[in-house]
Amino acid sequence: MDHITICRCEEVTLEDIKNTAKKYQCSAREIKLRTRAGMGYCGGRTCRPAVDAVMEQVTGEKPGHDIPLKVQPPVRPVSLATLRGMQDDK
Amino acid sequence: MYDVIIVGAGPAGLSAAITCREWDLHVLVIDEFVKPGGRLLGQLHEEPNGEWWNGIEETKQLMDKAESLNTDIRCGISAHHLEKVKDHHFIVHTNKGNFEAKNLLIATGAAETAAPVPGWTLPGVMSIGAAQVMTNVHRVRVGEKGIVIGVNVLSAAIARELQLAGVNLHSMMLPAMNSVTKEHAHPKKVMDGLSRIAHLAPSAFLRFGSRFTKSDFVRKLATQFYPKSGVKMWGMPIHLRKAVTEINGKDRVESVTVFDITADGKLIKGTERRIEVDFVCIAGGLYPLAELAAVIGLPFQYLEELGGHVPVHNKKMETPIDGVYVAGNITGIESAKVARAQGTVAGLSIAKKHVDGKADLDYRLLKAIEQVKTIRNEATIQFHPHISEGREKIEQAFRRIVHS
Ligand SMILES: Cc1cc2nc3c(=O)[nH]c(=O)nc-3n(C[C@H](O)[C@H](O)[C@H](O)COP(=O)(O)OP(=O)(O)OC[C@H]3O[C@@H](n4cnc5c(N)ncnc54)[C@H](O)[C@@H]3O)c2cc1C
């Protein structure tokens with residue numbers, strides 16, 4: 001079962017997540033940063049619940065009221081030109 | 001500057017837009033899909049009274065109304081960030097530039113939860129919702145013969161839609177238990193959910209299913225003695241004691257590997273076999289799509305009754321950020337009728353702030369809130385059993401946050 005892909009965009013497997021958790025004994029957030037699970041093109045829209053579930057299992061962190069793996073803008077893939085427009089407006 | 005920008009043109013966003021236009025507010029609705037209607041577009045069910053709920057028709061009615069009120073609805077625009085500049089001044093960042101408004105309504109609906117099964121990245125594997133959109137919105141045949149992994153309200157309803165469209169389904173069964181599939185892979189838990197859709201299946205399932213709704217003990221027994229051949233719904237077997245362990249194929253789906261499972265979801269050795277299929281639909285349930293609520297800084301509550309993390313709000317669809325409103329499935333997973341009714345509430349709440357001296361609006365708002373409850377209680381499609389408790393908890397969270 002461990003060879004299943006959890007995060008498709010970044011091609012992170014269940015095994016990658018488990019190994020990282022074991023090696024670094026770290027938080028869900030750190031696992032995410034190390035493996036890039038949930039940080040790909042889709043912004044986690046596809047895998048967020050799956051990544052959260054796996055993280056809960058491997059780290060034992062229970063889901064709290066805060067969104068576990070914080071959402072950052074932009075929440076959709078956008079071109080850098082569009083993002084620059086965002087800066088100009090400020 | 002707009003009085004209100006509505007993100008999402010599903011039933012919630014559209015009905016809110018209609019209400020805001022009825023009170024003559026300056027409204028912009030944006031949606032990232034090519035057409036308005038949201039998840040309504042794919043829906044087609046027969047209600048217990050024999051009437052059909054046809055999402056395309058329902059969308060048309062909403063759109064006719066919105067158009068008669070000259071509502072500005074723009075599709076193909078994706079919001080990627082929401083920003084508060086100061087009180088009642090917000091910026092919506094999109095792929096087509098920025099838009100400014102005094103109020104925001106976030107009505108972005110729900111997304112599907114992926115239930116990864118080994119092989120789920122092969123071409124030919126799709127979420128059940130994708131199969132619904134391909135079939136009912138794009139009118140594309142998803143394949144010749146398929147199987148549905150995951151048995152729940154949504155997958156049963158969509159499996160029926162696929163059948164009606166002439167798509168051949170072998171059966172529905174559970175995913176094998178792994179770190180992610182959890183309750184979707186547990187026959188007893190799935191049975192609990194199924195007893196709530198018994199009414200969707202007029203014949204066999206009704207007789208079989210309604211007996212289970214009574215007591216927990218009976219449901220336990222039912223999973224214990226679940227028939228080997230499955231229970232047929234509209235001629236298609238639903239298996240609670242079989243699970244898919246793997247989707248196989250070289251460049252595309254060719255078959256699935258299936259095991260019999262025990263009443264608590266464990267694989268039974270020696271029961272392995274392969275079923276040839278050319279497409280697979282995975283159904284892992286729905287969760288509120290609340291990314292935009294997160295980036296603007298709304299507080300959240302994790303409430304399983306509502307389908308996951310939902311932004312804190314009250315019955316009037318107000319949030320702790322003055323001028324930001326939410327409606328529809330972002331507030332909890334429910335049927336389209338509830339979403340539509342919540343949109344009206346949000347529209348009235350927004351109008352109330354901008355239309356002076358119309359005491360009538362308070363009364364209308366109260367009525368609209370009542371209407372949401374009535375529709376909820378009469379809903380034929382219910383995604384979560386304790387929805388009303390979830391609604392009560394979120395209301396309390398709102399009070400705690402606003403009064404602290
Ligand atoms: C796959 C699927 C199938 C469903 N099937 C059924 C069913 O058969 N029966 C039933 O009663 N309910 C079904 N539902 C539940 C459904 O969510 C509700 O019925 C109803 O459509 C919710 O209405 P809504 O207005 O809240 O959201 P939606 O109808 O989902 O509309 C939200 C809209 O927001 C848009 N949007 C989202 N994010 C952005 C963004 N960042 N920028 C711009 N636009 C954005 C989307 O494109 C979408 O059009 C289904 C849900 C899903 C996800």
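The values are calculated or read from the model by the stated rules, or taken from the named source; none is laboratory data. What you are looking at is a predicted structure, and each value in this text was computed from that prediction instead of being measured. All Cβ positions, glycine included, derive from the backbone under ideal geometry; neighbour counts span all protein chains shown. In case anyone asks, the SASA skips ligands and DNA or RNA and just uses the protein heavy atoms, side chains included. Shrake-Rupley method; radii C 1.70, N 1.55, O 1.52, S 1.80 Å.
Taking H placed 1.01 Å from N in the peptide plane, check which residues at least 5 places from B:LEU44 or on another chain put their amide H under 5 Å from its amide H.
Hits under the 5 Å cutoff: B:GLY55.
What number, in percent, do you get for the relative contact order of chain B if the mean sequence gap of Cα pairs under 8 Å and at least 6 apart is divided by its residue count?
19 percent
What number, in percent, do you get for the relative contact order of segment B:5-103 if the mean sequence gap of Cα pairs under 8 Å and at least 6 apart is divided by its residue count?
27 percent
Would you mind giving the mean number of other chain beta-carbons within 10 Å of the Cβ of each residue in B:286-299, as a whole number?
3
Highest mean first, how do A:19-26, B:250-257 rank when packing is the count of other Cβ atoms within 10 Å averaged over residues?
Descending mean neighbour count gives B:250-257, A:19-26.
P(r) tail for segment B:309-404, what percent of Cα pairs lie past 15 Å?
So the portion of pairs separated by more than 15 Å is 60 percent.
Scale the Cα Rg of the protein assembly as shown by the rule-of-thumb value 2.2 N^0.38 Å and send over the ratio, two decimals.
Normalised Cα radius of gyration, the protein assembly as shown: 0.97.
Show that you can apply the helix-only estimate: for the protein assembly as shown, add -39,500 (n - 2.57) for every DSSP H stretch of four or more residues, divide by all residues, and state [θ] at 222 nm to the nearest 500.
One gets -10500 deg cm²/dmol as the mean residue ellipticity at 222 nm.
Could you list log10 I(q)/I(0) for chain A at q = 0.11 Å⁻¹, which the Debye formula gives when each Cα is one point scatterer?
Normalising to I(0) and taking log10 leaves -0.35.
Each residue of segment B:111-119 in order: what ³J(HN,Hα) in whole Hz does its phi give by Karplus 6.51 cos²θ - 1.76 cosθ + 1.60, θ = phi - 60°, with x for Gly and Pro?
Rounded to whole hertz, the list is 10, 8, 8, 6, 10, x, 10, x, x.
Can you pull out the buried accessible area for chains A and B, both sides counted, probe 1.4 Å, rounded to the nearest 100 Å²?
Counting both chains, the buried surface is close to 3000 Å².
For B:GLN396 and A:GLN25, FRET efficiency with R0 = 35 Å and r from the beta-carbon atoms, rounded to 0.05?
So, using R0 = 35 Å, E works out to roughly 0.40.
Can you compute the radius of gyration and Dmax for chain B, using only the Cα atoms, both in Å?
My reading of the Cα-based Rg and Dmax gives 22.0, 75 Å.
Tell me, what ³J(HN,Hα) does each residue in segment B:6-20 have, in order and in whole Hz, if you take phi through Karplus 6.51 cos²θ - 1.76 cosθ + 1.60 with θ = phi - 60° and put x for Gly and Pro?
Result, rounded to whole Hz: 10, 9, x, 10, x, x, 5, x, 5, 5, 5, 4, 4, 4, 4.
Is there a simple number for the mean count of other chain Cβ atoms within 10 Å of the Cβ of residues in B:89-95, and what is it?
4
Please give, to one decimal in nm, the separation of the simple spin-label points placed at B:ASP322 and B:LYS86, each 7 Å out from Cα toward the Cβ.
The modelled label-to-label distance comes out at 1.3 nm.
Show the residues, 5+ positions off or on another chain, whose built amide H is closer than 5 Å to the amide H of B:ARG74.
B:VAL29, B:ILE30, B:ASP31
Determine the relative contact order of chain A: mean sequence separation of Cα pairs under 8 Å and six or more apart, normalised by residue count, in whole percent.
26 percent
Compute the Rg to Rh ratio over segment B:24-157 from the alpha carbon atoms, using the Kirkwood formula for Rh, and round to two decimal places.
1.04
Quick one: which residues, 5+ away or cross-chain, put their amide H under 5 Å from the amide H of B:TYR325? H built at 1.01 Å from N.
B:LEU104, B:LEU105, B:ILE106
When the Karplus curve 6.51 cos²θ - 1.76 cosθ + 1.60 is applied with θ = phi - 60°, which whole-Hz ³J(HN,Hα) does each residue of segment B:38-48 get, with x for Gly and Pro?
Those phi angles translate into x, 6, 4, 3, x, 7, 7, 9, 8, 7, x Hz.
What FRET efficiency would be calculated for the residue pair B:ASP64, A:LEU33, taking the C-beta separation as r and a Förster radius of 56 Å, to the nearest 0.05?
0.70
Please determine, in degrees from 0 to 90 and to the nearest 10, the orientation of helix B:336-354 with respect to the longest principal axis defined by the Cα atoms of chain B, where the helix direction is its Cα long axis.
That works out to roughly 10 degrees.
For B:VAL34 and B:LYS373, compute 0.36 nm times the residue count separating them, minus their Cα-Cα distance, and round to one decimal in nm.
Value of the extension gain: 118.9 nm.
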